[in-house]
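One structure below.
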Amino acid sequence: VKVLNAYAGIGGNRHLWPDDWQVTAVELDPRIAAEYARRYPDDVVLVEDAHAVVMDRAHEFDAVWTSPPCPTHSRLAKTVASRTGRPLEPDPRLWEEIAHLRTLGVAHVVENVHVYYTPPIAPDVVTERHWYWTSAAPLMLTPPAGTRGILMPDTPASAYAAAYGLPMSPRGALSDSRKAFRNAVIPLEGLEVATAAFESALSMVSDGR
Ligand SMILES: C[S@@+](CC[C@H](N)C(=O)[O-])C[C@H]1O[C@@H](n2cnc3c(N)ncnc32)[C@H](O)[C@@H]1O
């Protein structure tokens, strides 16, 4: 099954995906992309704008996972904006990608934080940390053990790595490893949401259709 993994980060969502999925990852930050490539040497890694790839090339894949940046959607952003008086416009690319993938009818997952405003499209799956818009039927997730309360401002990368079961990165590989680990999707959630959402694509491929 050919999977697009857009805004790949260090690949928390991808960590438990089966070896036989052919993954193309897109990550704009070259150091994060290099660290992703070190972790997943069999994946194709593109250092490009993921939004353009999702909008222009999603139809080339059997299944699509996309994790657009959260800073303009998170409650924290709202707090910072109100404190500093900065205007805050939610980045519309999140909603464009959900609408595009739904229209295309491709198996997909769009992941983001709980947005601070009334969402124009309601999420299909809500977990402690994330909202997901997916092509999946409603699903039961295994509650992740040991991750409650991890989002403290000073939580180090090593605590995320331990709680999520992700290997640490070599010293100096990332310019902000705390941020990259904090951004990561809990791997078990990444597997369960993707497997459910990609089910139709996976069965079509295994049937040889
Ligand atoms: C929420 S994080 C991804 C987390 C990832 N799914 C995981 O589980 O580890 C978003 C990532 O998108 C990257 N990014 C931001 N804007 C981008 C763009 N226009 N194109 C590609 N990557 C981008 C950031 O560098 C960051 O690594």
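Derivation of every value follows stated rules applied to the coordinates shown; laboratory data play no part. In this text the structure is predicted, and so the values were computed from the model without any measurement. Using ideal geometry, Cβ is built from the backbone for each residue, glycine included, and neighbour counts are taken over all protein chains shown.
Quick rundown of the values:
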| quantity | calculated |
| --- | --- |
| Long-range tail of P(r) for segment 120-209 (Cα pairs > 23 Å, %) | 38 |
| Helix-derived mean residue ellipticity, 222 nm - over the chain, DSSP H n ≥ 4, -39500 (n - 2.57), to 500 | -10000 deg cm²/dmol |
| Sum of side-chain charges, Val23 neighbourhood, beta-carbon under 9 Å (Lys, Arg +1; Asp, Glu -1) | 0 |
| Within a Gaussian network of the chain (alpha carbon springs, distance under 10 Å), most fluctuating of Gly165, Gly11, Gly85 | Gly85 |
| For segment 82-97, 3J(HN,Hα) per residue [Karplus equation, 6.51 cos²θ - 1.76 cosθ + 1.60, θ = phi - 60°, Hz, x = Gly/Pro] | 6, 6, 9, x, 6, x, 10, 10, x, 5, x, 5, 4, 6, 4, 5 |
| Tail weight of P(r) past 26 Å, computed on alpha-carbon pairs of the chain, percent | 32 |
| At R0 = 25 Å, FRET efficiency that the Cβ-Cβ distance of Ala52 and Lys179 yields, to 0.05 | 0.60 |
| Cut-off under 5 Å, modelled amide H: who pairs with Val113 long-range | Trp131 |
| Segment Val80-Asp207, extension gain: residue separation times 0.36 nm, minus the distance between their alpha carbons | 40.7 nm |
| GNM flexibility winner over the chain from Thr24, Thr79, Thr195 (Cα, springs under 10 Å) | Thr79 |
| Span from the segment 74-111 Cα centroid across to the segment 179-209 one, whole angstrom | 21 |
